[in-house]
């Protein structure tokens, strides 16, 4: 058991993958000497060489497109997109090519490509550096979308993404990069697509993932002070979503609030609300509520604290749900 | 020939002699020079950089390839008109560009086609019926790309040039001496992905040949709507050689593509070949070229027909007799019949195939939806059974 930050856990995870499989490649902008703008690939090029940790031209479509070609040749590329807002030049290659190729080849080729994207806000960045595009990927058949909320999941889920024979969008909550946690590098992990109950409770379920898990855990602690018992489910995976775990929680609590940074409209919360309503109709004591971003561009940094769902907005939704 | 000397970078004005010719910067009037080894009249001519020496069997083989490919293409158009195919993208007029370049590849080379490379597929021994599946609507491709090192057809313009480049980067990492060839068209040359493929291939010195069939038309848009410079000249800006070849001259295409593939194999990196050709037919069977181009233009290109040209040469050289042509005709008829019968008996996939191969490692939602849909479909069977048993209201 080692204490490490999420960033370090990701770095160790990549190192282990590079060590254990010669077909694993790391590629992206500034991932070499610099170690990436968030230093996730720090030291990897020095130890594994320019042939395996590849600084690419600044062309995201080119990065993903060539990663597809490398995968067809038998490699397992782990692509870094520098920031969430920079993924869209590659969106065509991801959606039109990467996601569909296994199906259109009737399973005769595999596309084990991982696309790592530091996502979401909270770091006081300029435009295009704080976005939450998860629904835009989860909506695409052929892709898997996962996102860790803690160091242990960061370490293990990245390993599992690299071992997966399908394309995986791996979303890294960038404002949590420096949060520390225990990582057991010898324990056998469960499925990356399984949700976990991060906090047991009886009155209401908070469903979250990535950067919002911490906010929800804080909300549960604050609510406990007022005598309310909130359960927090860390979804971990957005495609597929482990609805069984969530259903079990909601059947117990009777209430669900889904929390994410992404705009609420057409967001993952909408899908979760619909499915849980269908599965738990007779258990629900209140409509499923959602807390998230607004239907507006991500605001300038001076406004992001107001924009991002925080403790108070989550607790406000909890109050409303409990008032039904 | 030496493509090494053409490693570009500087402006054409500074180039001289051999480099200038290979890079094609020397102009005749407004049209740049193109590599030609067989004139439209079937006269064999020499070129300073590119040469070829084929046996009579090889020459007859190229003729056979082109005739059979054209016949297959014609059959596919007919099948579309008869409602057996939903769509067909004809290669009529581009037989030399495709057969010449395809025959330049080795079995271990890898081909990334667009959706019109029926002639290249032929040279890679891909069963023509495989190509028809997607046009009949029974699959989206479906053949095993690794069986003949011939990737699936790619419909979104230019995307495959990046896949080819990545694949070539992998070939280089493996230390293999294979080469990769990426097909694309004049329209695709405007795509960002093609520019990015050029950049990546140049930066990593990837063993890839970019083979552009400039057939003059991107549906209704002429090449002038894509570029102010001849397409092959774009390579210079990326730092690798580009050459324009007479795309209706199968000998020149074969010679130039062989050289380009050898250039790639020998560690000299990418090369761009622009095969100057003409799309004699419509873009696809849904297109009507009379709305945007003049008959005279097509008639002019008919005089440069790739098959007639090689036939003229074979005849002049006494390399083929009536028996040879009769045998090819017979083979064409047999191919056409096989294609017709094969398409007409091609089975539609099972409904549940919708859920197959979405993922390699499975996905809970797909499993759930598959089960629900199967149950839904089964409910109709129950109804049918109930009706048959005479229980009504």
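Which count do you get for residues in region A:89-115 that are without any contact (Cβ under 8 Å) to a residue 12 or more places away in the chain and either within 19 Å of residue A:138 (Cβ to Cβ) or more than 10 Å from chain B (Cβ to nearest Cβ) (or both)? Can you show your working first?
Step one: list which residues in region A:89-115 are without any contact (Cβ under 8 Å) to a residue 12 or more places away in the chain, which gives A:96, A:104-108.
From the residues that got through so far, the ones that are either within 19 Å of residue A:138 (Cβ to Cβ) or more than 10 Å from chain B (Cβ to nearest Cβ) (or both) too are A:96.
The number of residues fulfilling the criteria is 1.
Within region A:116-142, if we keep just the residues that are within 14 Å of chain B (Cβ to nearest Cβ) and outside any loop (DSSP other than H, G, I, E, B), the residue that is nearest to residue B:167 (Cα to Cα) turns out to be A:137. Would you be able to say whether some residue in region A:181-191 is over 18 Å from residue A:1 (Cβ atoms) and more than 14 Å from chain B (Cβ to nearest Cβ)? There is no residue in region A:181-191 that is over 18 Å from residue A:1 (Cβ atoms) and more than 14 Å from chain B (Cβ to nearest Cβ).
Remark: residue B:200 falls outside the filter, which requires a residue to be touching a residue at least 12 places away in the same chain (Cβ under 8 Å), under 13 Å from the mean Cα position of the chain (by Cα) and either within 14 Å of chain A (Cβ to nearest Cβ) or assigned to a helix (DSSP H, G or I) (or both). Considering region A:225-318, the qualifying helices (runs of 4 or more DSSP H), each wholly inside and each with 2 or more residues that are under 25 Å from residue A:193 (Cβ atoms), within 23 Å of the chain's Cα centre (by Cα) and not assigned by TED's automatic domain parsing to the domain that holds residue A:129, run over A:243-253, A:268-280.
The set of residues in region B:352-376 being away from chain A (no Cβ under 12 Å) and either touching a helix residue (DSSP H, G or I) at 6+ places or on another chain (Cβ under 7 Å) or touching a residue at least 60 places away in the same chain (Cβ under 8 Å) (or both) consists of B:352, B:370, B:374. Considered as a group, the residues in region B:203-215 that are surrounded by 24 or more Cβ atoms within 10 Å (Cβ to Cβ) and outside any loop (DSSP other than H, G, I, E, B) include one that is farthest from the other protein chains (Cβ to nearest Cβ), and that residue is B:214.
A single entry from B:218, B:188 fulfils the requirement of being within 14 Å of chain A (Cβ to nearest Cβ), on the phi < 0 side of the Ramachandran plot and within 18 Å of the chain's Cα centre (by Cα): B:188. Residues in region A:164-207 that are surrounded by 22 or more Cβ atoms within 10 Å (Cβ to Cβ) and either over 19 Å from the mean Cα position of the chain (by Cα) or modelled with pLDDT under 95 (or both): A:204, A:205. Across region A:14-51, the number of residues qualifying as touching a strand residue (DSSP E or B) at 6+ places or on another chain (Cβ under 9 Å) and assigned to a helix (DSSP H, G or I) comes to 8. Checking A:70, A:58 one by one, the residue that is buried (at least 21 other Cβ atoms within 10 Å of the Cβ) and within 13 Å of another protein chain (Cβ to nearest Cβ) is A:70 and no other.
Yes/no per residue for (1) within 16 Å of residue A:122 (Cβ to Cβ); (2) within 14 Å of chain B (Cβ to nearest Cβ); (3) at pLDDT 95 or above; (4) buried (at least 23 other Cβ atoms within 10 Å of the Cβ):
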{"site": "A:217", "(1), (2), (3), (4)": "yes, no, yes, no"}
{"site": "A:225", "(1), (2), (3), (4)": "no, no, yes, no"}
{"site": "A:248", "(1), (2), (3), (4)": "no, no, yes, no"}
{"site": "A:261", "(1), (2), (3), (4)": "yes, no, yes, yes"}
{"site": "A:282", "(1), (2), (3), (4)": "no, no, yes, no"}
{"site": "A:323", "(1), (2), (3), (4)": "no, no, yes, no"}
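Looking at B:391, B:381, B:347, just one residue is surrounded by fewer than 11 Cβ atoms within 10 Å (Cβ to Cβ), under 31 Å from the mean Cα position of the chain (by Cα) and either within 14 Å of another protein chain (Cβ to nearest Cβ) or at pLDDT below 95 (or both), and that residue is B:347.
Would you check if there is a residue in region A:124-147 being surrounded by fewer than 24 Cβ atoms within 10 Å (Cβ to Cβ), within 20 Å of residue A:34 (Cα to Cα) and modelled with pLDDT of 95 or more? Yes, that holds for at least one residue. For region B:260-279, enumerate the residues that are touching a strand residue (DSSP E or B) at 6+ places or on another chain (Cβ under 8 Å) and in a helix (DSSP H, G or I). Those that are touching a strand residue (DSSP E or B) at 6+ places or on another chain (Cβ under 8 Å) and in a helix (DSSP H, G or I): B:260, B:261, B:263, B:264. Between A:14, A:44, the distinction of being more than 14 Å from chain B (Cβ to nearest Cβ), within 25 Å of residue A:129 (Cα to Cα) and surrounded by fewer than 23 Cβ atoms within 10 Å (Cβ to Cβ) belongs to A:44 only. Being within 30 Å of residue B:139 (Cβ to Cβ), touching a residue at least 40 places away in the same chain (Cβ under 8 Å), away from chain B (no Cβ under 14 Å) and not in a loop (DSSP other than H, G, I, E, B) is a property that residue A:158 lacks. Only residues that are facing chain A (nearest Cβ under 7 Å) and part of a loop (DSSP other than H, G, I, E, B) were counted across region B:132-181, and they come to 7.
Could you go through region B:263-276 and let me know if any residue there is surrounded by fewer than 24 Cβ atoms within 10 Å (Cβ to Cβ) and within 21 Å of residue B:95 (Cα to Cα).
Taking region B:263-276 as the starting set, the residues that turn out to be surrounded by fewer than 24 Cβ atoms within 10 Å (Cβ to Cβ) are B:265-269.
Narrowing further to those that are within 21 Å of residue B:95 (Cα to Cα): none.
There is no residue in region B:263-276 that is surrounded by fewer than 24 Cβ atoms within 10 Å (Cβ to Cβ) and within 21 Å of residue B:95 (Cα to Cα).
Per the listing B:366, B:339, the residue uniquely in the same structural domain as residue B:78 (by TED's automatic domain parsing) and assigned to a helix (DSSP H, G or I) is B:339.
The values are calculated or read from the model by the stated rules, or taken from the named source; none is laboratory data. Only a predicted model underlies this, so the values are computations on that prediction, with no experimental measurement involved. All Cβ positions, even for glycine, are placed from backbone atoms using ideal geometry, and neighbour counts span all protein chains on display.
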